[in-house]
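The values are calculated or read from the model by the stated rules, or taken from the named source; none is laboratory data. Everything numeric here is computed off the predicted structure, so don't read it as measured data. Neighbour counts run over all protein chains shown; Cβ positions are idealised from the backbone, glycine included.
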C-alpha cells in the first residue's frame, strides 16, 4: 500500500501499471469505517485489479452551516484501518492540489433538476460539488471501474448518469451493498457524533423502511404506507424528519400507487443534530 499526496506522484505510479492492470477507483472522504473497507474488498474482487483509494474532504459539497470544518480528518488512523484490506495506492491530496484555480471556479457537470430535490433541497449545491470532484478524479485517474456504496442513493444515481453522459459509459460503476451495524443502522462517518440517546433511536429509520416495504408487499397502497410511516417518524421529539419518499430506481422520479417495478425508499432525518440518510430497494408487483 503506497501513499501519495501529489498529482505527479499519482500519475507516475498509475502510468507504470496502466497497461497491465485494471485500475479500480474507490473515492472516500476519510474517517474510514467497515463500510469503506468493504468497498476496497469489493474493488479487489475485480480481476487483475490495481485499487486506488482517495481520501479527500471536498469543500465544494458542503453548504453554508454544514460541518466542513468539523468533518473528521483522521488520515493516520485511516491508514492503519486500510492495512486490513490493502488497497494498492492511497491518494490523499491537499485542497490546493485539487482546486489549483480556487474553489470558487465554476462547478461542472451540473446536477440539473435532480440536484434540487431530496438531499439537494436540504443541501443546495451539494451535488454540483460532488459531481465536480468525482469527475475530476475520473479524468485524472482514468479508472476502468469505480466502486460506490449504495447508502448514498441519490449520489449514486447522479454518478451513473454522469458516467453515461460525460464518460460515454467507459467506466463500470459497481454498487456495493450498505454495511450495517447489528441493529441495522447504516455505517456512516457521522454516526460518531450521535449521542447515546440518538444512537439508540437511529436504527428506527431503517426499520421504518422495512415496515413500508412489508406493507406495500402485502397490498397496502404505497401512499398509505408512506403516510403512516411519516406519522410515526415525525412523532419522535429527538429527530426531525426531512423526507420519506418512494422513487423509481431507474429514473429517481417519485412514483404513484399504480407503479410496478424496482422501487427505492429514501429517508433522511436530523437526529439530535446529526443528519442521517438511508434507503431500501425492492420490487413492487402488480396486484393479484
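Conditions tested, residue by residue: (1) more than 16 Å from residue 61 (Cβ to Cβ); (2) at pLDDT 95 or above; (3) surrounded by fewer than 18 Cβ atoms within 10 Å (Cβ to Cβ).
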site	(1), (2), (3)
86	yes, yes, yes
91	yes, yes, no
101	yes, no, yes
116	no, no, yes
131	no, yes, no
146	yes, yes, no
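Restricting 73, 161 to those that are under 20 Å from residue 193 (Cβ atoms) and surrounded by fewer than 20 Cβ atoms within 10 Å (Cβ to Cβ) reduces the list to 73.
Just one of the numbered conditions (1) assigned to a helix (DSSP H, G or I); (2) farther than 16 Å from residue 157 by Cβ is not true of residue 114: (2).
Assessment of the stretch 22-33 against the conditions (surrounded by fewer than 19 Cβ atoms within 10 Å (Cβ to Cβ), over 21 Å from residue 127 (Cβ atoms) and modelled with pLDDT of 95 or more) yields at least one matching residue.
A count restricted to the stretch 71-124 and to residues that are at positive phi and free of Cβ contacts under 8 Å to residues at least 60 places away in the same chain stands at 2. Return yes or no: is residue 18 over 18 Å from residue 188 (Cβ atoms), touching a residue at least 40 places away in the same chain (Cβ under 8 Å) and surrounded by fewer than 18 Cβ atoms within 10 Å (Cβ to Cβ)? Taking the combined requirement at face value, the residue satisfies it. Has the stretch 47-68 got at least one residue that is exposed (fewer than 14 other Cβ atoms within 10 Å of the Cβ), more than 29 Å from residue 180 (Cβ to Cβ) and in contact (Cβ under 8 Å) with a residue 24 or more places away in the chain? Yes, that holds for at least one residue.
Given the criteria in the same structural domain as residue 63 (by TED's automatic domain parsing), within 15 Å of residue 58 (Cβ to Cβ) and in contact (Cβ under 8 Å) with a residue 60 or more places away in the chain, does residue 127 qualify? Considered against the rule, which asks whether it is in the same structural domain as residue 63 (by TED's automatic domain parsing), within 15 Å of residue 58 (Cβ to Cβ) and in contact (Cβ under 8 Å) with a residue 60 or more places away in the chain, residue 127 comes out as yes.
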